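Worksheet: one structure, shown below.
The values are calculated or read from the model by the stated rules, or taken from the named source; none is laboratory data. If you're wondering where the values come from, they're calculated on a predicted model, not measured in any experiment. Cβ coordinates were reconstructed from backbone atoms using ideal geometry, including for glycine residues, and neighbour counts include every protein chain displayed.
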Amino acid sequence: MKSHQIIQTNLDFQRLLNLAVNVIDEYSPTYAENAAAMVFENALIRENIAVGRQPVPVTAGDKRANLIVTLGPQPSALMLVGHIDTVALWHDEGHHARISNGKLYGLGAADMKSACTAMTEAIIAVANSK
């Protein structure tokens, strides 16, 4: 089996969906993404993946950081870039995730929270393929 096929067998849709719901449930307006970042960080830690934080010093407090994941020997590197901040709440339904007719809704579902979830699932699948 080729390496990409091995990685594909380690993709887990239910884990991906659960992670997406959990991160969308964390309200994360600009400059206050720490709780959402912790959802991703904890998902990686559960899979025994080394993850660290890189503070973003241009913002107030400790509410913003980049996550740095290490999978193997250096110096090979790959950077996945996204953001998990969302717009402010703009309707009464709030920020909580909901699934309706097979579609995921909530602040960040159509923007980068879902894309960052897909990136995280890909990292987990690669790590579990070793």
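Observations on the model:
- Members of the range 104-123 found to be at pLDDT below 95 and either among the acidic types (Asp, Glu) or loosely packed, with under 15 Cβ neighbours inside 10 Å (or both), listed by number: TYR105, ALA110, ASP111
- Of the residues making up the range 32-49, those that are within 15 Å of ASN22 (Cβ to Cβ) and polar (S, T, N, Q) number 2.
- Every pair of residues 6+ apart whose Cβ atoms lie under 7 Å, when the first sits in the range 1-22 and is over 25 Å from GLU33 (Cβ atoms) while the second is part of a loop (DSSP other than H, G, I, E, B) and among the acidic types (Asp, Glu): none
- Selection within the range 31-58: residues that are of a type in the set (Val, Ile, Thr) and farther than 15 Å from ALA127 by Cβ. The member of this set that is modelled with the lowest pLDDT is VAL58.
- Counted residues, the range 104-126 - those being charged (D, E, K, R), under 20 Å from PRO29 (Cα atoms) and touching a residue at least 40 places away in the same chain (Cβ under 8 Å): 1
- Answer from ALA65, ALA32, ALA43, ALA36 - the residue that is in contact with a Pro (Cβ under 6 Å, 6 or more places away or on another chain), surrounded by 14 or more Cβ atoms within 10 Å (Cβ to Cβ) and either in contact (Cβ under 8 Å) with a residue 40 or more places away in the chain or closer than 18 Å to MET112 by Cβ (or both): ALA65
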